Structures are given as structure tokens and as C-alpha cells.
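A.B. asks: Would you mind keeping the following structure in view while I ask a few things?
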């Protein structure tokens, strides 16, 4: 869980890899056809997609701080999607225990029309209990919650909505799939009705709206008005493709015409529309103007292949070209996680819009998220094994040495000091000096705890090789559990992170936090195992504030 910085939008729902194909036309039953190749000769292209992920991407491109939560799999599709989220500044809180990440096969014809076949994967496996146990605090950070009727089970959507409404957070619902398809796949009619009644802002396509209110006919504005009256939503916006949208609210009813553009691929136009609409509302635009900004996003989306704005700067620029309203004071473009350095020409000046406070919070967020992810995937058995090896060594007169190179060396010094002050005698072992006599501190049966993010540092290799030759047993704390270091160790404690944070994403930050906390956790296991007392601590640490505290009686 990250620090409680506020999100403009938190969303739960579809996040999909769209495999896109080009066809002369969309085929009917029992028809065959030959696919067209793309300009680069490829038969298909993979794009980021998904109802919720798409609208979050467009909102982020317009300067909103957004995040997505739920479930994915740790597979190739999941890594592809999470990399895109990181590139485009979309925060994510995802449990990676799904059977498979969601995918879709999309066939686009020469006019931009499309047919979509979805394989929901992990999104369809999210339960109400999962939302309640893992994501309540994430939801409570948001100004808006967004969800869908598409791939997410209705029970899970209702749980997220309940948490949001209890916290006074408005809810936007993208009704993407007609009820006749949604109910058998996602839940039941009662759940669907409850979800519709819970929406502050309901955005159905005209096709979905007609099925909900057939008596309203084909008039989009009448459909919007009817749905608002039926379900009690504050705002209903019915989208009607290239024609535009109809808006019904207490303060405004009307039609907003779409911008005329040449469609290349209409996939995700409604998703982009919702991202723009929420951005408009966040910036205080009246509903008609927010609808025009939403239409500009939808138009920008259909003029390219793929639904997701993978290049936020280009997406924003194109939306502003299509926007015909007053000048907008948009928030800063999303900053990719770990990659936000200015170009060489601006290396000595702050980039435009740079926010010192925000940069600091992002570093803390990155470290907190990485530590939370580490905690979720850590098994206690690895610490039990490491502690057992240390105790076996101590029982035979062995000692503990902690080593590392570079920043990991500083962590190793901390670890040795912490172990020593909590009952496990330990020394720092200088890896750089190991081949120049420092290895003389090691005797057969000793333990060497080696700390390294990569596990492949040459100087550390030498230190480990010498220690093993002298009869030491190796414990590894590393971010690379298949590394040289890990292969030499009797026990391996995972300290891996996916990103460091910071403008370059290079200097060790999150990895140092992970290494330090893994050492701290191991020290705590050993401390508890030996029955270490407050008096024992004071005997080793009589000075300073901690010495004073340890003299006092435990509460």
C-alpha cells in the first residue's frame, strides 16, 4: 500500500491486452475472410486496453492522478500491462494471483468498425471479499471511484461502490456490455439494478441504454432522461458514437455533438470519452463543456490504432487541438515511475512544472509499494531456514559476518550492528578487502550474510568464493533469486524490487529499503528465538535515548 496521497480517480475493472487484427469487413456467421497485414507487415499488433484502464489513461493524460486496483496474473500479458501503467503514471495496487491476465481479440474493418471477443481472465476472478480485504484504503484515497459493467463480477463492483459511498466518494459507472450479456456472465438482475442505482454518474452506450429503457425508443436524450429518473443517478450520459452524446442531470439536459474526424479504429472511444468527462468535471467545467472535452478525447482516440494513450504528451496535444472551448489549466503530465529525467539540454534546470513535494512523495510511495509487494510474496519458511542455519552455526561456536558492496555495503554495516545489539554477535565483512586479508576474520563454520540487489557484483563474487573456501556457510539477501550469489547460498531471502524511484530510476532507493527491512526481519526472528529480553538489550545498549528507554520497565 502506498502513502495516502490523494487520487483523483481510483478504478476497478478491465485491464486487457488487445490483440488487434485488420479485416476488410466484419464477418457474419459462417463467413470466411483474409486478414490484412499492417503497414509494417505484421499480422497483428498488441495494444494496452480495457474499459477501466483506458479511461484512467486518458484522464491521466489530461493531468489527473489516477490508480487502478484489483487482480492480475504475473504472466507476460500482466507484465506488459503493468509496464504501460508505470510508463504512463498510473498507480496500481494489484494482487498477482489470477489464473491469467485478461486479453481480447479485436478485428477492425476498413471503416474503423470493430468486433471484440474478450477473455476476462483475472478480472473475472475478483470477489467482493477480495475488494474488502485488500483495497478498501486504496478506494478511500480517491475523489472518484470508477467501475464497469464489462468483465468485473457485479458483486465485486458493488463491494467497491459500497466502500466508496460509505466514504462519501462519488461513483462513475461505465455500462459497456448490454444487460442481456452482462447478467448471465457477471451476476444477476438484482445486483445489476443495485449497481445502477449506486452510480452518481452513469455512462451507457446507446445500445446498452436502449436495452435498459426500451420504452424511450432511439432518442439518446430521452434515454438519458429515462435512465436518470429510473435509477436516481445525478448524471446520465448516453454516448452515440460519431454523433455525440446526450446529457441528463438536474441542472442540464442537452445534446453535445461529436467532433468530425476520420476514424482509424473506434476501439475504446467510449472509454476515452469517460476519461475526458471526468477530467472536465475535476477541472470545474460545466456539464456541456465537460461533454465537449469528452468528445475531443473520443475523437483523438479513434484517429489512431489502439484505445490506450500510450504517449500521454501526444494524446494531450491532440485532445487540445480538437478542444474548442476556453483555455484549460491542466495538471502536469503523468510522470513515469522511475523514468522522469529531463533531457540533456535541461539537465541543469528544473523541468517545467517540477514539484519538490510531489517528487518526495513519489519516492516514499515507490518504497512503500515495493515493501508491501515484498511482504505479500514472502513466505515465512525462508526466514525459518535462515534462522536455523545461524543457530546451528552458533551452537558449534560459529560467528556471523555481514557483507555487501556499494550501497548494499552500507546496509550490511547496519545489519551487523542491528544483529549485534539484538543478541546475535555479528561483524561487518569488507568485500572489497576480502582478497587482501580481510577474509582472515572468517573460520570454518561461520555464517556470511551477503547483501546484493543483483547478486552478480564481481567484488562480492570474490568475497563469497573466499569465504566458502574457508568453510563459511552463505546466506543471501538479494533481489535476484537466480543470481550467482543465490546459487552459492544455503538460504535465500528475497529483497527484490521492480523500481527504485527517483528521476533516473538508477540510484538504489527502494532496494536499499527492502534489504534493510529483510535484515531487520531476520534479526527480529533471531531475537525472539533466543528469548532476548529488555535487560539483555540494555546490557548491550546502555547509552543514549534507547539506553534510557531500556532501563525503564516495560509497560
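Just so it is clear, none of the values below were taken in a lab; they were calculated from the coordinates. Quick caveat: nothing in here was measured; it's all calculated off a predicted structure. Backbone-built Cβ (ideal geometry, glycine too); neighbour counts: all protein chains shown.
A.B. asks: Compute the angle between helix 189-198 and the longest alpha-carbon principal axis of the chain, please, reported from 0 to 90 degrees and rounded to the nearest 10.
C.D. replies: 90 degrees
A.B. asks: What's the percent breakdown of Cα-Cα distances in region 374-551 across 5 Å bins, shortest bin first?
C.D. replies: In whole percents, the pair-distance histogram is 1, 9, 17, 21, 20, 14, 10, 5, 1, 0.
A.B. asks: Could I ask something else about it? Can you give me the angle between helix 76-87 and the longest principal axis of the chain, using Cα atoms only, in degrees from 0 to 90, rounded to the nearest 10?
C.D. replies: Computed tilt is about 90 degrees.
A.B. asks: Sticking with this one: Nearest-5 percent of antiparallel DSSP beta bridges in the chain?
C.D. replies: On the way: 23 of 72 bridges.
Close to 30 percent.
A.B. asks: Percent of alpha carbon pairs in region 451-548 separated by more than 24 Å? Walk me through the numbers on the way to the answer.
C.D. replies: Working: 1913 of 4753 pairs.
Result for the distance tail: 40 percent.
A.B. asks: Just want the ordering: 116, 235, 90, from fewest to most Cβ atoms lying within 10 Å of their own Cβ.
C.D. replies: Details: 116 14, 235 23, 90 27.
Going from least to most buried by this count: 116, 235, 90.
A.B. asks: In addition: Please arrange 69, 308, 107 by how many other C-beta atoms lie within 10 Å of their C-beta, fewest to most. All intermediate terms of the calculation are to be shown ahead of the outcome.
C.D. replies: On the way: 69 26, 308 30, 107 20.
If I rank by nearby Cβ atoms, fewest first, I get 107, 69, 308.
A.B. asks: For the chain, find the longest principal axis of its Cα atoms and tell me its angle to the long axis of helix 269-282, 0 to 90°, nearest 10.
C.D. replies: That helix lies at roughly 80 degrees to the long axis.
A.B. asks: Another one. For region 1-144, just run the numbers: alpha carbon Rg, then divide by 2.2 N^0.38 Å, N being how many residues it has. Mind dumping the intermediate values first?
C.D. replies: Numbers: Rg = 17.0 Å, N = 144, 2.2 N^0.38 = 14.5 Å.
It is 1.17.
A.B. asks: Counting each DSSP H run of 4 or more residues in the chain as -39500 (n - 2.57), what helix-only mean residue ellipticity at 222 nm follows after dividing by all residues, to the nearest 500 deg cm²/dmol? The partial results should precede the final answer.
C.D. replies: Numbers: 20 runs with 231 residues, N = 555.
The helix-only estimate for the chain comes to -13000 deg cm²/dmol at 222 nm.
A.B. asks: Can you give the Kirkwood hydrodynamic radius of region 209-298 from its Cα pairs, in Å with one decimal? Please list the in-between numbers first.
C.D. replies: Details: mean 1/r = 0.0758 Å⁻¹.
Result for region 209-298 stands at 13.2 Å.
A.B. asks: Also, quick follow-up: Could you list 242, 359, 500 in order of exposure, starting from the residue whose Cβ has the fewest other Cβ atoms within 10 Å? Working shown, then result.
C.D. replies: Working: 242 17, 359 14, 500 22.
By the 10 Å Cβ count, ascending: 359, 242, 500.
A.B. asks: Roughly how many Å is it from the Cα centre of region 434-495 to that of region 50-79, as a whole number?
C.D. replies: Each part's Cα centre sits 40 Å from the other's.
A.B. asks: How large is the convex hull of the Cα atoms of region 37-115 per residue, expressed in Å³ as a whole number?
C.D. replies: Numbers: hull volume 9.7 nm³, N = 79.
Given the Cα convex hull of region 37-115, per-residue volume reads 123 Å³.
A.B. asks: Same structure, new question: Principal axis lengths of the chain from Cα atoms, whole Å, largest first?
C.D. replies: Taking the Cα atoms of the chain, the three principal extents are 86, 60, 52 Å.
A.B. asks: Please report how far the C-alpha centroid of region 86-151 lies from that of region 387-417, rounded to the nearest whole angstrom.
C.D. replies: First find each Cα centre; the distance between them is then 43 Å.
A.B. asks: Order 26-35, 173-182 from most to least packed using the mean count of other Cβ atoms within 10 Å.
C.D. replies: Values: 26-35: 8.6, 173-182: 20.8.
So the peptides 26-35, 173-182, ranked by packing, come out 173-182, 26-35.
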